[in-house]
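Q: I have a structure here, written as structure tokens, and I will follow up with some questions on it.
The values are calculated or read from the model by the stated rules, or taken from the named source; none is laboratory data. Remember, it's a predicted structure, so these values are computed and weren't measured experimentally. In this analysis, Cβ positions are derived from the backbone assuming ideal geometry, glycine residues included, and neighbour counts consider all displayed protein chains.
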Amino acid sequence: MVMTTVTRRIRVAAVVLVVAATAAVYATRLSFAPIYLVHDEIKFSLQAISVAHDGRDLNGRFLPVYFSEPAFTAGRDPMMIYATALALLVLPLSEAAVRLPTALVGVLNVLLMLVLARTLFKSDAVALAAAGMLALSPGHFIFSRMALSVLYPLPFVMLWLISLQRFQERADGRVLMAGTAALGLGIYGYLAGLVMMPVYLLLTGLYLAERRSPRWFGWAVAGFAVTLIPLLLWQVAHPERYAELIRAYRVGSDGADQAPGLSTLFSLAGVKLRLAEWWYYFNPEFLFLSGDTSMTNSTRRAGLFPIVFAVLLPIGIYRLSRTGGFERIVLIGFATAPLAAVLTGTMDLNRYRALFALPFGVLVATYGLTTLWSARGRAWRWVAVGLVLAIPFQFWGFYRDYIGPYRDTSSTWYGGNLRAALAEAVRIQPAGPVLLSRRIPYAEDYWRFYAHVWHLPTGAPPVSLDGDTFDPRSAEPGSALIAMPGEPWLPALGRHGWIQVSTITEPTGSPSFVVYRKGGAP
């Protein structure tokens, strides 16, 4: 009894330590790194601000299932928006506040991996190793610190896996139903779940067929179906959404300029393209070395997983390929993780849609680790220990780069220092409106976000201007203007009473925006 109590306290202390350590890394300095909010973070945040204010999305729909906006009527994923809105009910609006809910999802993922691995391997040490491998995976860390929805389905995938494993130990329809209900809820976390969650439901059917337990199919389907009722009702109320999604995500397109169409999925060119894209996601460079080509998705100095996964994943794949049941589900889950990304084409734009690989990849690597540990010969155990200990050392180097050089060199990928340009326009207190060059992407959205942050009057929105047709004489005295350096129409401003107030630069020293005022500084 005493040993049981002591063991339980040690386990609880270990869990608390893992969660606290993960939170200390994931949920701190959120306004510092990444350096700026990327435009999708701004758009999600504006929806959250709106629903926190009056329960409506930017198109005026009350408590919607999917959040539409004028430029994206298909709608944004609801789970993250509602979570952020709840956070804003208790936190003052800031860049850190809108990123915090996603960081906490990252912490939750690590905790669920701890539970999943403990349920699966029956070992506290293996469970801690698996949780640590997920926490120290560069891809998981990066997306846990951005106000994006791509990680939100992962807790539900792991809840499903936990339910499957517990169903394997004790057949109970309620456990199975809870697992497939988690899959259904995951659809509301991120749009790619519309593809991946039905795939995992099919894997559940395969798992049940292997066990020769067809009577459980009803439980599995019922759990999944009941959670889709809000989605189906929303689709009935807004039948145009399907076409909007196809158009927005170019399902079936073979390139950036091709019109979307499902028929191209099955053309020879389409099949070749998607096989090439599928291979990309299992390319060692992407998985272990440099990650995504986009500097918002990767530092380019670390892959999606720790580099030691280059050893552990092949061993785990070999181990899993020789078994069936739950282990086969893990292997197929890892292999099918890029499916949603591959189906939508335009690979350069959607690599983050394959983050379903994260929990499955960690599990496969954990199988590889346990295989090494159980191999004959003490030397293999030392190899296993060495690989595990190498992971935090690699992560430390990655983290130093992330909050150091990467933060500075990636600034233009995050839209540049538009925050400072807007702050400068506010500082000079223009008597007239703020004018924003149309060459600045999403400038009006950024203005709206920071107007909320700085508690500015929102009744007079900024004016978007086309430099080719803009008449500098038409602006009111005291107007402020923000443009990008080198726009060809800027020299004409000086001839009509405009004075350049400041040049906004990036941490590297390169200019990113210029701020003018008609009539000079007040």
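Q: Looking at (1) buried (at least 21 other Cβ atoms within 10 Å of the Cβ); (2) more than 30 Å from A365 (Cβ to Cβ); (3) in contact with a Lys or Arg (Cβ under 9 Å, 6 or more places away or on another chain), which is the only condition F62 fails?
A: Of the numbered conditions (1) buried (at least 21 other Cβ atoms within 10 Å of the Cβ); (2) more than 30 Å from A365 (Cβ to Cβ); (3) in contact with a Lys or Arg (Cβ under 9 Å, 6 or more places away or on another chain), the odd one out for F62 is (1).
Q: Is it true that S144 is more than 16 Å from G333 (Cβ to Cβ), small (G, A, S) and crowded, with 24+ Cβ neighbours inside 10 Å? Please lay out each step first, then the result.
A: Values: more than 16 Å from G333 (Cβ to Cβ): yes; small (G, A, S): yes; crowded, with 24+ Cβ neighbours inside 10 Å: yes.
The answer is yes for S144.
Q: For region 200-220, give me each residue that is over 21 Å from V157 (Cβ atoms), assigned to a helix (DSSP H, G or I) and charged (D, E, K, R). Quick ask: steps written out before the conclusion?
A: First, the residues of region 200-220 that are over 21 Å from V157 (Cβ atoms): 212-215, 218.
Those left that are additionally assigned to a helix (DSSP H, G or I): 214-215, 218.
The one that is over 21 Å from V157 (Cβ atoms), assigned to a helix (DSSP H, G or I) and charged (D, E, K, R): R215.
Q: Restricting attention to region 291-303, and to residues there that are polar (S, T, N, Q) and within 16 Å of A354 (Cα to Cα), which single residue is nearest to the chain's Cα centre (by Cα)?
A: This residue is N297.
Q: Would you be able to say whether some residue in region 418-425 is in contact (Cβ under 8 Å) with a residue 40 or more places away in the chain and not in a helix (DSSP H, G or I)?
A: Within region 418-425, not a single residue is in contact (Cβ under 8 Å) with a residue 40 or more places away in the chain and not in a helix (DSSP H, G or I).
Q: Quick one: would you say A74 is assigned by TED's automatic domain parsing to the domain that holds A52, outside any helix (DSSP H, G or I) and in contact (Cβ under 8 Å) with a residue 60 or more places away in the chain?
A: Here the answer is yes, as A74 does meet what is asked.
Q: Sticking with this structure for a sec: From G416, G478, G497, grab the single residue that is out of contact with any His (no Cβ under 6 Å at 6 or more places or on another chain), farther than 27 Å from H53 by Cα and crowded, with 19+ Cβ neighbours inside 10 Å.
A: Just a single option satisfies the conditions, and that option is G416.
Q: Another question, then. Across region 167-194, what is the number of residues that are at pLDDT below 95, of a type in the set (A, V, I, L, M, F, W, C) and not in a helix (DSSP H, G or I)?
A: 3
Q: Restricting to region 432-457, what's the tally of residues that are touching a residue at least 60 places away in the same chain (Cβ under 8 Å) and in contact with a Pro (Cβ under 8 Å, 6 or more places away or on another chain)?
A: Of region 432-457, the ones touching a residue at least 60 places away in the same chain (Cβ under 8 Å) are 432, 440-442, 445-446, 448-449, 452-453.
This time we only want the ones that are in contact with a Pro (Cβ under 8 Å, 6 or more places away or on another chain), so: 432, 448.
Selection size over region 432-457: 2.
Q: Of the residues that make up region 307-319, is at least one at pLDDT below 95, within 22 Å of Y399 (Cβ to Cβ), in contact with a Phe, Trp or Tyr (Cβ under 9 Å, 6 or more places away or on another chain) and not in a loop (DSSP other than H, G, I, E, B)?
A: Looking through region 307-319, none of the residues is at pLDDT below 95, within 22 Å of Y399 (Cβ to Cβ), in contact with a Phe, Trp or Tyr (Cβ under 9 Å, 6 or more places away or on another chain) and not in a loop (DSSP other than H, G, I, E, B).
Q: With the requirement that a residue be closer than 11 Å to V434 by Cα, over 34 Å from the mean Cα position of the chain (by Cα) and among the polar types (S, T, N, Q), what does region 457-494 give you?
A: Across region 457-494, the qualifying residue is only S479.
Q: Got at least one residue in region 37-56 being outside any helix (DSSP H, G or I), at pLDDT 95 or above and of a type in the set (A, V, I, L, M)?
A: Yes; the residues of region 37-56 include at least one that is outside any helix (DSSP H, G or I), at pLDDT 95 or above and of a type in the set (A, V, I, L, M).
Q: While we're here: Being at pLDDT 90 or above, within 19 Å of A48 (Cα to Cα) and of a type in the set (S, T, Y) is the filter here; which residues of region 427-475 pass it?
A: Those that are at pLDDT 90 or above, within 19 Å of A48 (Cα to Cα) and of a type in the set (S, T, Y): Y442, Y446, Y450.
Q: Evaluate the following for L89: is it in the same structural domain as A192 (by TED's automatic domain parsing) and either surrounded by fewer than 19 Cβ atoms within 10 Å (Cβ to Cβ) or modelled with pLDDT of 95 or more (or both)?
A: Values: in the same structural domain as A192 (by TED's automatic domain parsing): yes; either surrounded by fewer than 19 Cβ atoms within 10 Å (Cβ to Cβ) or modelled with pLDDT of 95 or more (or both): yes.
So L89 passes the test.
Q: Between a first residue in region 120-135 that is in the same structural domain as S374 (by TED's automatic domain parsing) and without any contact (Cβ under 8 Å) to a residue 60 or more places away in the chain and a second residue that is assigned to a helix (DSSP H, G or I) and not aliphatic (A, V, I, L, M), which pairs have beta carbons less than 6 Å apart while being 6 or more apart in sequence or on different chains?
A: A127/R118
Q: Take M197 and decide whether it is hydrophobic (A, V, I, L, M, F, W, C) and either surrounded by fewer than 24 Cβ atoms within 10 Å (Cβ to Cβ) or not in a helix (DSSP H, G or I) (or both). Explain how you work it out, then say what you get.
A: On the way: hydrophobic (A, V, I, L, M, F, W, C): yes; either surrounded by fewer than 24 Cβ atoms within 10 Å (Cβ to Cβ) or not in a helix (DSSP H, G or I) (or both): no.
Judged against the criteria, M197 is not a match.
Q: Look through region 508-517, keep the residues that are modelled with pLDDT of 95 or more and in contact with an Asp or Glu (Cβ under 8 Å, 6 or more places away or on another chain), and return whichever of them is surrounded by the fewest Cβ atoms within 10 Å (Cβ to Cβ).
A: S512
Q: Further question on the same structure: Please count how many residues of region 195-217 are more than 23 Å from R353 (Cβ to Cβ) and either among the polar types (S, T, N, Q) or at pLDDT 95 or above (or both).
A: 1
Q: Tell me whether region 142-155 contains one or more residues that are more than 14 Å from the chain's Cα centre (by Cα), assigned to a helix (DSSP H, G or I), modelled with pLDDT of 95 or more and not aromatic (F, W, Y).
A: Scanning region 142-155 turns up no residue that is more than 14 Å from the chain's Cα centre (by Cα), assigned to a helix (DSSP H, G or I), modelled with pLDDT of 95 or more and not aromatic (F, W, Y).
Q: Could you list, in sequence order, the residues of region 149-175 that are among the polar types (S, T, N, Q) and either touching a residue at least 60 places away in the same chain (Cβ under 8 Å) or not assigned by TED's automatic domain parsing to the domain that holds A103 (or both)? Break it down stepwise before answering.
A: Going through region 149-175, the residues among the polar types (S, T, N, Q) turn out to be 149, 163, 165, 168.
Across region 149-175, the qualifying residues are S149, Q165, Q168.
Q: Next question. In the list R407, R400, R381, R376, which residue meets the criterion of being surrounded by fewer than 22 Cβ atoms within 10 Å (Cβ to Cβ) and not in a helix (DSSP H, G or I)?
A: R376
Here is a yes/no grid of residues against (1) assigned by TED's automatic domain parsing to the domain that holds A135; (2) within 22 Å of Y406 (Cα to Cα); (3) modelled with pLDDT of 95 or more; (4) not charged (D, E, K, R):
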position: P260; (1), (2), (3), (4): yes, no, no, yes
position: A269; (1), (2), (3), (4): yes, no, no, yes
position: G291; (1), (2), (3), (4): yes, yes, no, yes
position: R300; (1), (2), (3), (4): yes, yes, no, no
position: I332; (1), (2), (3), (4): yes, no, yes, yes
position: L349; (1), (2), (3), (4): yes, yes, no, yes
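Q: Can you confirm whether R438 is surrounded by fewer than 21 Cβ atoms within 10 Å (Cβ to Cβ) and under 30 Å from I482 (Cβ atoms)?
A: yes
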